[in-house]
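In what follows, a single structure is set out as structure tokens and then discussed.
Throughout, read-outs are computed from the coordinates displayed, never taken from laboratory work. Bear in mind that the values here come from a model prediction, so they are computed numbers and not experimental data. Here the Cβ positions follow ideal geometry from the backbone for every residue, glycine too, while neighbour counts run over all protein chains shown.
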Amino acid sequence: MSKFSIKAKIVLATTIVLGLVFVGFSIVIYQKAKSAYFGRLDARLEGYAEKIRGEVEEQYYEKRFPDAADFRDLRAEGLAGSFLRLSDQQGQVIFADSILTGQPFKPWDAINPRQFTFEDVAIANDRYRSLWARVEAEDRDRYSVQIVVPLTEVEAALKLLQLLFLFGVPVALAISAGAVYGIVTTAFRPLSAMVQTAERISASNLSERVASPETHDEVFALASTLNTMMERIEQAFKSQKQFIADASHEIRTPLAIIRSELEYAQKEIAEVASNESIEAALDEVDRLKKLSDDLLLLAKLDSASLTMKLQTVRLDELLADCVKRMKPIADTKRVTLALTVHDVAEIHGDEDKLRSAILNLLDNAIKYSKNGGTVDIISRSNGRDVEVTVCDHGEGIAPEEVEHVFERFHRAASSRSQHDGSGLGLAIVRRILEVHKGSVSVRSKIGEGSTFTIALPGPISQ
Ligand code: ADP
């Protein structure tokens, strides 16, 4: 899985692409500007060179050659700030501006007779554009001319352009990255909201729906699809719950009838054998009734947020009440229930459901204790969180079973053969703790006993 979010990837990708485009554009624009600046300068140099040529030809014809003053006048019309040097074929200088005196010469053969030769030269720390050309007089190349103009203006303009790109490109990139981030964040906002809603949705609030954006785009399609899916899940869930509730009710009534009929028959029939089978049938009826009660309770707990009756519960009183209720069952096995309350604590919860959880734990602790054993029930509070441990010294749970005991219908192999039960008790305990935002855990050693620990935040804020 990539460590970047889609948002970061989009921003990164667009910034890279835009960066390449900006840099490419900058290079092209810079090159175009450079050749435009030099082209213009060269054209002006050429124009001036043509005038010099004409002047030289004229002067040669009139035999008044050379006249430096005329060149200077020409320059005033042609190319301000330029300097020139005129020499003959042997390199004898006929006229030279002081700046060009002593500067290296281009050999006669290196000067192209048909076109102008341009180059950049450095003279006394300044850079100049230089033109070399042959000058014709009476149909023969007789002289060479060099004209130079400073590159200061052109280079300053190009430098400015460079600076503009150097700062402009990063600024433009930062602005475009910010804009892309903004657009992507806006586009993704409905998605983030959907993720949050989807995370919140659980069995207890299946009626929630993800928000659909106003726009009829892909995100809208996704939201609609998710909502339709949620609708179907909710319907399936509702009908499943309804089925369990209906089934439990349907089973209960005939069970109650069978039970009372059996009880009546038991009283009337004197035969021991028939009485024993009626006794066994009554036990089965009780087992089925417990199973249907547990199933109904679990079904209700799955939508517990709708059926919670919240109130302030004194934990010490609740524990004492549970111990009192379980005493008759404990007495049948001569099991002692030892309650120790270290701190008196109040919690905010559904008293009936919490009682049901504790009774389930006590029932198991007694069931899996040896005859004459002790079950310790200890409650502690740190002022905020509450902890109740139910510790028996009975048969314990095999290590491979421990992680499964809270699963629905899970029963250890030994329990199946030796004890009654449906395998729903601990699943109910865990669900009750979940709806109270608490937890239940177990530590156990085979042959030494088990300790179930309930942790509850108190008081619970709903
Ligand atoms: P059951 O109706 O079988 O007791 P529970 O969900 O309450 O169903 O428990 C699941 C299984 O966990 C039991 O079948 C048993 O194997 C094991 N168990 C639960 N409590 C204890 C205990 N205190 N000591 C030993 N085993 C236990």
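Sequence-distant contacts, meaning Cα pairs under 8 Å at least 6 residues apart, place the relative contact order of the chain at 9 percent.
Shape analysis of the chain places it in the prolate category; the axes a ≥ b ≥ c from the Cα gyration tensor give an a/c of at least 1.5, with a/b above b/c. Charge tally around Ser144: other residues with Cβ under 12 Å, Lys/Arg +1 each, Asp/Glu -1 each, net +1. When Lys and Arg each count +1 and Asp and Glu each count -1, what net charge do the other residues less than 13 Å away from Arg134, Cβ to Cβ, add up to? Residues close to Arg134 contribute a combined charge of -2. Per-residue ellipticity at 222 nm from helix content only, as computed over the chain with -39500 (n - 2.57) for each DSSP H run of at least four residues, stands at -19500 deg cm²/dmol.
Taking the alpha-carbon centroid of each part, what is the distance from the range 101-121 to the range 282-355 in angstrom? First find each Cα centre; the distance between them is then 110 Å.
Note on the range 310-457: with charges restricted to the Cβ of Lys and Arg (+1) and Asp and Glu (-1), its dipole about the Cα centre is near 280 debye. With 10 Å bins from zero, work out the P(r) of the range 218-302 over every alpha carbon pair and list the percent per bin. Reading the bins upward from 0: 16, 29, 20, 15, 10, 6, 4, 1.
Each part reduced to its alpha carbon centroid, the range 211-260 and the range 153-209 end up 41 Å apart.
Rounded to a whole number, what is D in µm²/s for the range 310-457 from Stokes-Einstein with the Kirkwood radius over alpha-carbon pairs (4 °C, 1.567 mPa s)? Once the numbers are plugged in, D ends up at 84 µm²/s.
What is the helix-to-structure angle for 315-332, meaning the angle in degrees between its Cα long axis and the longest Cα principal axis of the chain, kept from 0 to 90 and rounded to the nearest 10? Tilt relative to the chain: about 40 degrees. Local charge for Asp392 was computed over the other residues whose Cβ lies under 13 Å away, with Lys and Arg +1 and Asp and Glu -1, and equals +1. The angle separating the long axis of helix 351-367 from the principal Cα axis of greatest extent in the chain is about 70 degrees. In a simple Cβ point-charge model (Lys, Arg +1; Asp, Glu -1; nothing else charged), the chain has a dipole of about 380 debye relative to its Cα centre.
Each residue in Met194, Met230 was given a count of other beta-carbon atoms within 10 angstrom of its own, and listing them fewest first yields Met230, Met194. Between the listed residues Ile10, Phe452, Leu315, the Cα displaced farthest toward the positive end of the dipole of the chain, a dipole computed from Cβ unit charges relative to the Cα centre, is found at Leu315.
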